[in-house]
Amino acid sequence: MAVTKSFKDESRSDWELQLSDPEIQESLTILLQKLPRIKEAVLFSERAIDFVAAVSQDEETLQKFIGNAGKELSAYHLNEESLRSLTTLIKKLPNIIKVVSVLEDLLEFGKNVLQDDDSLDYIKEGMEEMATPIFSPLKEAKERTEQDNQQVSIFTLLKWLKEPQVQKGLKYVHALLEVYSEKHKK
Amino acid sequence: MDQKEYKVVIVGGGTAGISVASRLVRASKALKDQTVIIDPAKKHYYQPLWTLVGGGAAKKEDSVRSMESLIPKGVDWIQNAVAEVRPEENRVVTDDGRQIKYDYLVMGAGLQINWKGIKGLEESLGKNGVCSNYSAEHVEYTWEAIRKFKGGNAIFTHPSTPIKCGGAPQKIMYLADDYFRKSGVRDKSEIIFRHAGGAIFAVEKYANALNKVIDRKNIKVNYLKNLVEILPDQKEAVFEHMETKETEVLKYDMIHVTPPMESPDFIKNSSLADKSGWVDVDQYTLQHKRYSNVFGIGDCSNLPTSKTGAAIRKQAPVVEKNLLMLMQEKELEAKYNGYTSCPLVTGYNRLIMAEFDYNLEPQESFPVDQGIERRSMYLVKKELLPLIYWNGMLKGVM
Ligand SMILES: Cc1cc2nc3c(=O)[nH]c(=O)nc-3n(C[C@H](O)[C@H](O)[C@H](O)COP(=O)(O)OP(=O)(O)OC[C@H]3O[C@@H](n4cnc5c(N)ncnc54)[C@H](O)[C@@H]3O)c2cc1C
């Protein structure tokens with residue numbers, strides 16, 4: 001039964017994978033927008049399920065019910081399987097409600113952020129800062145170059161060659177040249 | 001505003017006061033227009049940002065909002081200080097002599113900084129290398145002092161009293177170290193940490209991690225040394241050993257002072273106080289131990305946990321639920337477990353996210369080992385927590 005797949009059953013990495021999927025992200029956004037209505041629906045179905053649960057546990061009523069209105073019921077597919085799904089759903093309700101109320105708070109939080117100009121500015125600035133960190137090495141290097149008027153000698157160049165970063169770069173260039181020449185031969 | 005009687009009176013519109021007010025009117029329509037916040041301050045500060053302001057990584061203006069903009073709808077605001085609490089009469093008296101009666105009282109007045117507790121500090125703060133992130137007025141000067149530091153002794157202090165955010169005195173030191181390395185003055189300077197307590201941090205797991213940071217950064221730490229005087233003319237700081245009382249004088253080129261802190265006078269002078277002056281509450285229900293219609297929350301309470309905004313995030317729902325239960329004459333069921341959190345900034349882009357409870361057991365929220373310095377956790381502090389604060393916590397939804 002598809003309905004019975006539990007939140008806990010999914011491993012964390014599954015969740016992370018799913019959350020990075022744009023399609024899932026889009027559905028989450030839609031879900032958030034629809035939340036107030038979903039909550040109403042859940043509350044309604046909670047009451048309905050309580051009722052059905054009470055009825056289904058009451059053998060006598062059930063027998064009478066099925067006896068008298070069997071035909072009508074089959075029109076609603078209230079067979080053994082759907083009753084079993086209902087029971088599973090009932091067991092999960094506390095969790096569903098918990099998730100819904102967390103989502104409800106999150107929705108309100110999201111709404112507050114969107115209505116708060118200061119916070120939106122803060123987010124924007126944060127993003128810009130991440131793109132250009134406070135101590136950007138490139139910016140710093142540029143500033144230092146402008147201030148530096150010392151001569152670069154052949155010995156300085158030789159010293160630089162030993163720097164691990166330079167070595168890494170040279171190895172990369174070497175590998176690149178190899179790949180190029182191999183492709184050329186073909 | 002001329003109302004003299006409210007169902008709920010909240011003293012203080014800081015982190016605790018605003019959070020509880022929002023929660024109460026959200027949870028109970030009956031409390032709308034029946035709840036008042038009394039606070040003289042025009043401005044409300046998100047103080048956790050001050051570590052980053054002092055370190056030059058955030059702007060002070062992002063840490064402040066007008067009080068008016070934060071008072072929740074359906075809650076009144078009396079812009080006065082409470083001068084006296086008379087719990088026997090269910091009444092508070094403001095400094096302009098107004099008396100306000102309550103059915104239920106929530107004490108969230110924060111703590112009081114005792115600048116005078118260190119001789120010479122008040123006069124010298126904000127100039128000539130003497131700075132403190134604990135001062136709303138001077139927090140930006142910390143960054144100036146760090147930026148202009150050209151080498152020599154950079155001293156950081158931690159006092160002997162309880163303080164808000166126990167990690168803040170060392171966080172600014174780690175940022176300074178990081179900056180000194182980048183500005184090329186670290187090898188010409190000595191970073192000195194004088195701590196009046198006996199250990200770097202109360203929780204073993206995070207203490208171990210911090211001791212490694214201190215070793216790596218080559219910081220000179222001394223315990224049981226309490227700052228007692230600043231001599232600005234000589235640029236000297238006087239320390240006293242907590243046990244032997246022996247004094248030690250150190251030259252400074254910059255000094256970041258964490259001043260002693262205490263319970264506000266009007267609480268100390270009231271019958272709400274315990275022996276040390278803090279509001280005397282049950283550590284689980286947050287209900288006052290003698291006056292059952294009084295609750296205490298946040299920095300002004302005597303809860304045996306670290307005084308932080310993060311702790312208040314977990315205390316506020318407990319006060320809300322228990323106050324509503326009390327109103328319905330039900331047993332108080334909500335319990336606070338002492339949760340508190342200290343985002344220990346260890347450099348620009350590095351942070352150990354300490355979270356723990358009354359038993360000093362880690363209570364980590366993220367699916368990673370938070371005892372390791374992480375960039376992700378730094379981003380949580382810098383980018384996410386302010387948003388959660390303004391839009392979630394102060395609105396009563398998170
Ligand atoms: C530098 C620094 C760094 C920090 N870092 C962190 C951090 O990283 N994480 C974290 O969680 N916490 C941090 N904190 C701690 C956090 O800011 C406090 O614990 C929290 O703000 C306490 O909230 P509160 O409501 O108890 O007090 P406050 O927010 O201080 O509010 C108290 C309110 O009471 C009012 N008041 C005072 N006296 C009276 C009176 N007589 N009558 C009426 N009203 C009165 C004041 O005007 C104020 O508005 C930091 C604090 C500082 C200073």
### Query
Which residues, counting only those in the range B:306-319, are away from the ligand (no atom under 13 Å from the Cβ) and within 14 Å of chain A (Cβ to nearest Cβ)?
B:Pro317
## Note on the structure
Of (1) away from the ligand (no atom under 11 Å from the Cβ); (2) away from chain A (no Cβ under 14 Å); (3) open to solvent by 40 Å² or more (accessible area, probe 1.4 Å), B:Phe366 satisfies every one except (2)
### Task
Mind telling me which of the residues B:Tyr358, B:Tyr284, B:Tyr291, B:Tyr336 ends up being closer than 27 Å to B:Tyr378 by Cα and open to solvent by 20 Å² or more (accessible area, probe 1.4 Å)?
B:Tyr358
### Query
Taking into account only those residues within the range A:103-142 that are more than 9 Å from chain B (Cβ to nearest Cβ) and modelled with pLDDT under 70, which is least open to solvent (accessible area, probe 1.4 Å)?
A:Ser136
### Query
Of the residues B:Val368, B:Val380, B:Val319, B:Val294, which is in contact with a Phe, Trp or Tyr (Cβ under 6 Å, 6 or more places away or on another chain) and of a type in the set (A, V, I, L, M, F, W, C)?
B:Val319
### Task
Quick one: in the range B:136-172, of everything that is among the acidic types (Asp, Glu) and in a helix (DSSP H, G or I), which residue is nearest to the ligand (Cβ to nearest atom)?
B:Glu140
## Note on the structure
Exactly one of B:Phe180, B:Phe201 is closer than 26 Å to B:Cys300 by Cα and among the aromatic types (Phe, Trp, Tyr), and that residue is B:Phe201
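The values are calculated or read from the model by the stated rules, or taken from the named source; none is laboratory data. Everything numeric in this text was worked out from a predicted model, so none of it was measured. Here Cβ is always computed from backbone atoms with ideal geometry, including for glycine, and neighbour counts include all displayed protein chains. For the accessible areas, the whole protein counts, side chains as well, though only heavy atoms, and no ligand, DNA or RNA atoms are used. Shrake-Rupley method; radii C 1.70, N 1.55, O 1.52, S 1.80 Å.
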